[in-house]
Amino acid sequence: MPDEGLRLLAGTIAGALVKAMDTHLWTGVRTEVAGVLGSGEPRRVEFVTTRLQASRDELALVPLERQTQARAEFTTEWRGSIHAVLWEHPELEQELRAVLGAISPALPRTPVDAAVLHPAPPGLS
């Protein structure tokens with residue numbers, strides 16, 4: 001997979017992770033993503049799980065007025081981490097896509113998602 005494709009996939013997964021952080025889906029999403037990123041190796045899976053949970057715990061402490069910025073920062077951070085893993089282990093692409101496909105429909109939609117899905121009519125933008 002070309003590098004741009006790796007970045008896009010990493011960014012999409014990172015965005016899904018951040019969206020899931022404050023939902024009832026979090027535990028399952030964290031477990032699935034950590035399992036793939038950790039390549040099923042118990043120590044690596046535990047490491048990724050701990051990092052993901054630390055990110056969620058940090059986000060929970062961010063004041064409401066900084067949530068949007070904090071979510072963007074966490075997405076950028078995780079995009080980089082996921083991209084690095086995919087670069088080293090491109091064979092994980094399909095597993096990550098499967099996880100993404102399973103969780104995406106249940107994730108909350110944001111105003112940005114709505115803007116992408118429903119652009120303004122011509123002349124109103």
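Quick note: the coordinates plus some simple rules give every number you see, no bench work behind them. Small disclaimer: the values here were computed from a predicted structure and weren't measured. With ideal geometry, Cβ positions are generated from the backbone for all residues, glycine too; neighbour counts draw on all protein chains shown.
If neighbour count is taken as other Cβ atoms inside 10 Å, put E95, E65 in order from fewest to most.
Values: E95 17, E65 7.
In order of increasing Cβ crowding within 10 Å: E65, E95.
Work out how much length R44 to L8 would gain on full extension: take 0.36 nm times their residue separation and subtract the Cα-Cα distance, in nm to one decimal. Walk me through the intermediate numbers first.
Details: separation 36, 0.36 × 36 = 12.96 nm, distance 2.34 nm.
Extra length from R44 to L8 when fully extended: 10.6 nm.
If you rank E32, E58 by fewest surrounding Cβ atoms within 10 Å, what's the result?
Working: E32 19, E58 13.
By the 10 Å Cβ count, ascending, the order reads E58, E32.
Bin width 10 Å, origin at 0, all Cα-Cα pairs of segment 3-117: what percent of pairs per bin?
It works out to 14, 49, 32, 5, 0, in whole percents.
How far apart, in nm, are the 7 Å Cα→Cβ label points at S104 and H24?
Taking the two extended label points, one gets 2.3 nm.
Say each of L61 and E73 gets a label point 7 Å from the Cα, pointing the same way as Cα to Cβ; how far apart are those two points in nm?
Roughly 1.2 nm, to one decimal.
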